[in-house]
Amino acid sequence: MPGNPHAPCDEGIIRAQAKKNGSSAPHPGFALAATVLGSSMAFIDGSVVNIALPAIQRDLTGGSADGLAAMQWVINAYLLALGSLVLVGGSLGDRFGRRKIFILGIAIFTAASVACGFAPGPLALIAARAVQGMGAALLVPASLAIIGNVFEGEARGKAIGTWAAWAAITGAAGPVLGGWLVDAVSWRSIFFLNVPMAVATVWLALYAVPDSRDPDAPKQLDWPGVLLVASGLGALTYGLTLAPERGWQAGSVLGFIALGAALLVAFVFVQARTRAPMMPLGLFKSRDFVGTNLLTLLLYFALSGALFFLPFVLIGAFKYSATAAGATLLPFSLLLGFLSSSTAKLTERFGARRMLMAGPAVAAAGFALLALPGVGWSYWTGFFPAMVVLGLGMTIAVAPLTTTVMNAVPTAHAGIASGINNAVARVAGLLAVAVLGVVFAISLQGPVQSAAPDVLVNAFRWVVLGCVLCALGASACALVFLAPAGARTPR
């Protein structure tokens, strides 16, 4: 997603890695560079594609209103594969070797990127994006685990800081570079950009990254759980995507939504009876863990929804170029990236609960500011204040998430807890695009000129209202669920 260089608890996954096999990297700096490049491919792709969507819609669907559903699935297909498979991706790395899975993920992601660049139509692009998500689900957790395995002690902390800083830089630069490529070359060029990055990443991985695995990893993977959660989320999202076109009372819409809900309920039952579940249900006995994940779901739902539709409005209503639309997000990305580390001291002083109450509330104010600009407003009086306030809110909120989740469960489950919270953020983005897409489409129905600037701005305001409510709900989750500073909840 644009402006979001990494999901919550990425750092927690790194810290949860135990260096059990005693392997060491002969060139730790190059090993870190490999993980930064590999992760950046996924981060950049997630942000750049949003900026390119208006151009993709014009090229592949003729700019029709019906093409909005297809553009939603360009995002949804990627997030669905990534969100549902990121946990199993980590398990594969632990079992078969993190470097092997990391390189395999890079290969799959790059091949799918080339397929995206050559896609002749929306269906081919959506299919290739789903395969991209599969590759990202392998490379992202493997890259995080590699850092945890290569570095120890203070060196690990410095490596995490370096990785996070470069994630912020690439997350900020990605939309600008991608927007320039869309304007100057073609939207297809953004996918081919991954090829040289992949070649450099694989070379660095083979040269500098030792292959490591977890000897205590479960021998069997929870394939029934993977299939149930992926198909359940897919059916639910597809039903929501069909709703604007066919109406909420259509049998196909209700059928897919009901099927998705049933499959997700079945997923919970399977997890309760599986020896090595993808998502151990015992973790949810902790109020802190439940509250933090609800907070993550609501906050990242709001963030993903607002930043998915913002480029459409900037380009369609305010006549921004793709480059300018990408640059709009720079204040948000830079604040989130370079101030996040400083919030650690604030968390120690005020406690994670207060930080996680304040952060989403400030973010809600930022979302509300996005609703103010009307046609003709300048960037500096309209969107710049919103990006600054939103960036500050997310900066306050994101850092304490890792600490809270890690402290909410026993140390032995720290890795899977981090992975679950990471996956929740990915799923939140998937659901936001689908649900708020319904709101956006309904707002466009009725007006004769649905593409008129004022109509687009008004539809975006309804989307932003939903984002404000979700962000305030996230703040309420911290108030209701999380223990005050000094009062630890039982694990």
So how many residues does region 52-72 have that are modelled with pLDDT of 85 or more and either within 15 Å of residue 123 (Cβ to Cβ) or of a type in the set (S, T, N, Q) (or both)? 4
Search region 152-175 for residues that are at pLDDT 70 or above and pair each with any residue that is open to solvent by 40 Å² or more (accessible area, probe 1.4 Å) and of a type in the set (D, E, K, R) when their beta-carbon atoms are under 9 Å apart and the residues are at least 6 apart or on different chains. 152/19; 163/11
Going through 200, 205, 243, 235 one at a time, which residue ends up being in contact with a helix residue (DSSP H, G or I) (Cβ under 7 Å, 6 or more places away or on another chain), modelled with pLDDT of 85 or more and buried (at least 21 other Cβ atoms within 10 Å of the Cβ)? 205
State yes or no: is residue 298 touching a residue at least 40 places away in the same chain (Cβ under 8 Å) and more than 14 Å from residue 425 (Cβ to Cβ)? no
In this structure, is residue 180 part of a helix (DSSP H, G or I), touching a helix residue (DSSP H, G or I) at 6+ places or on another chain (Cβ under 6 Å), aromatic (Phe, Trp, Tyr) and surrounded by fewer than 22 Cβ atoms within 10 Å (Cβ to Cβ)? yes
Checking 220, 249 in turn, the sole residue that is part of a loop (DSSP other than H, G, I, E, B), over 30 Å from residue 443 (Cα atoms) and not small (Gly, Ala, Ser) turns out to be 220
Residue satisfying all of: in region 341-359; open to solvent by less than 30 Å² (accessible area, probe 1.4 Å) and modelled with pLDDT under 85; farthest from the chain's Cα centre (by Cα) among these: 347
Within region 310-322, can one find any residue that is in contact (Cβ under 8 Å) with a residue 60 or more places away in the chain, open to solvent by 40 Å² or more (accessible area, probe 1.4 Å), under 30 Å from residue 443 (Cα atoms) and touching a helix residue (DSSP H, G or I) at 6+ places or on another chain (Cβ under 7 Å)? yes
I'd like the full set of residues that are open to solvent by less than 10 Å² (accessible area, probe 1.4 Å) and at pLDDT 80 or above, limited to region 402-419. 408
Residues of region 326-377 that turn out to be closer than 18 Å to residue 470 by Cα, among the hydrophobic types (A, V, I, L, M, F, W, C) and part of a helix (DSSP H, G or I), as a count: 13
Residue list for region 473-491, restricted to those being buried (at least 18 other Cβ atoms within 10 Å of the Cβ) and either hydrophobic (A, V, I, L, M, F, W, C) or modelled with pLDDT under 95 (or both): 474, 477, 478, 481, 482, 483
So which pairs qualify, if the first residue must be in region 264-282 and surrounded by 12 or more Cβ atoms within 10 Å (Cβ to Cβ), the second must be in a loop (DSSP other than H, G, I, E, B) and polar (S, T, N, Q), the Cβ gap must be under 8 Å, and the two must be at least 6 apart or on different chains? 276/220
Does region 287-306 hold any residues that are surrounded by fewer than 23 Cβ atoms within 10 Å (Cβ to Cβ) and in contact with a Ser or Thr (Cβ under 8 Å, 6 or more places away or on another chain), and which are they? 287, 288
Please verify whether residue 39 is polar (S, T, N, Q) and modelled with pLDDT under 80, treating the condition exactly as stated. no
Looking only at region 111-126, how many residues end up being more than 19 Å from the chain's Cα centre (by Cα) and open to solvent by 10 Å² or more (accessible area, probe 1.4 Å)? 9
Going through region 365-386 one residue at a time, which ones are aliphatic (A, V, I, L, M), surrounded by fewer than 24 Cβ atoms within 10 Å (Cβ to Cβ) and in contact (Cβ under 8 Å) with a residue 60 or more places away in the chain? 368, 371, 375
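The values are calculated or read from the model by the stated rules, or taken from the named source; none is laboratory data. Fair warning: this is a prediction, and the values are worked out from it, not measured in the lab. A quick note on method: Cβ atoms are made from the backbone with ideal geometry, for glycine too, and the neighbour counts reach across all protein chains shown. Keep in mind that these areas ignore ligands, DNA and RNA; they rest on the heavy atoms of the full protein, side chains included. Shrake-Rupley method; radii C 1.70, N 1.55, O 1.52, S 1.80 Å.
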